[in-house]
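In what follows, a single structure is set out as structure tokens and then discussed.
Please treat every number below as a calculation from the coordinates, not as lab data. Worth saying up front: this structure is predicted, and the values here are computed from it rather than measured. Glycine also receives a Cβ, built like all others from the backbone with ideal geometry; neighbour counts cover every protein chain displayed.
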Amino acid sequence: MSHEEYTAEDLAQLRDTDLGDQQLIAMGEVAVWAARVERTLALVVASLIGGAPDAGALVTNGLPFNRLLELGSQLATRRPEGDTVRKNIERLGAPMRLAMESRNHLLHGEWVPWSEGIAKATLTRTRGTKEREFSVRAVEDVANDLANLANELFWLHLVASGEIHAGD
């Protein structure tokens, strides 16, 4: 049966995850904000690279999050002690890793409803399997953390690129 032959009801049943709408909405927000964190971190790193106008973008284009964070951290250590960009990259590193680990569990885990408003996500990697329970609120908290990080990174990009001064 081709996609066009399904009725709207067939498609809704086919896509039914048994998860609540609020859980799915919050997971979508996690996906959006995680992508923005990655893209904005790439802007920060590109600003730290400097040089020719597109040099930073050329280096950062397509790098995964962990590599971007590693490169950004390495570049930040070349800045003076107490530098605003350096301090903030150091400060944001651990929270970014934690939020992106949660994002990976949420978006790459296998989901099953567990109890009212709570679902379990099982993530299997080469290092083993990890199972976590997520309430709707817990997923929303990850989305909120990612949104906050994306906004802080954008401010940091403006500082690193010289568009604003840290006190502005």
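Where in region 63-117 are there GluC sites (Glu not before Pro) that are in a DSSP coil and have at most 10 other Cβ atoms within 10 angstrom of their Cβ?
Working: sites: E70, E81, E90, E101, E110, E116; in loops: E81, E116.
For GluC sites (Glu not before Pro) across region 63-117 that sit outside H, G, I, E and B with at most 10 neighbouring Cβ atoms in 10 Å, the list reads E81, E116.
Sorted ascending by nearby beta carbons within 10 Å, beginning with the fewest, E9, E38 become E9, E38. Each residue of region 146-159 was assigned a 3J(HN,Hα) from its phi angle through the Karplus expression (A = 6.51, B = -1.76, C = 1.60, θ = phi - 60°), giving 5, 4, 4, 4, 4, 5, 5, 5, 5, 4, 5, 4, 4, 6 Hz with x at Gly and Pro.
Could you please report the charge total around A42, scoring K, R as +1 and D, E as -1 over all other residues with beta-carbon less than 12 angstrom from its beta-carbon?
On the way: positive: R36, R39, R67; negative: E38.
Residues close to A42 contribute a combined charge of +2.
From least to most packed, judged by other beta carbons within 10 angstrom and beginning with the fewest, D145, D21, D10 follow the order D21, D10, D145.
Per-residue ellipticity at 222 nm from helix content only, as computed over the chain with -39500 (n - 2.57) for each DSSP H run of at least four residues, stands at -21000 deg cm²/dmol. State the percent of C-alpha pairs, over all pairs in the chain, separated by a distance greater than 18 angstrom. Distances greater than 18 Å cover 65 percent of the Cα pairs.
Once you mark the trypsin sites (Lys or Arg not before Pro) that are in a DSSP loop and have at most 11 other Cβ atoms within 10 Å, what is the longest gap between them in the chain? Value returned for the longest uninterrupted segment is 1-77.
To the nearest 0.05, how large is the calculated FRET efficiency for D54 and E163 if R₀ is 25 Å and r is the Cβ-Cβ distance?
Working: r = 17 Å, r/R0 = 0.67.
According to the calculation, E is roughly 0.90.
Length gain on complete extension for the stretch T124 to E9, per 0.36 nm per residue less the alpha carbon to alpha carbon distance?
Computed gain between T124 and E9 is 38.2 nm.
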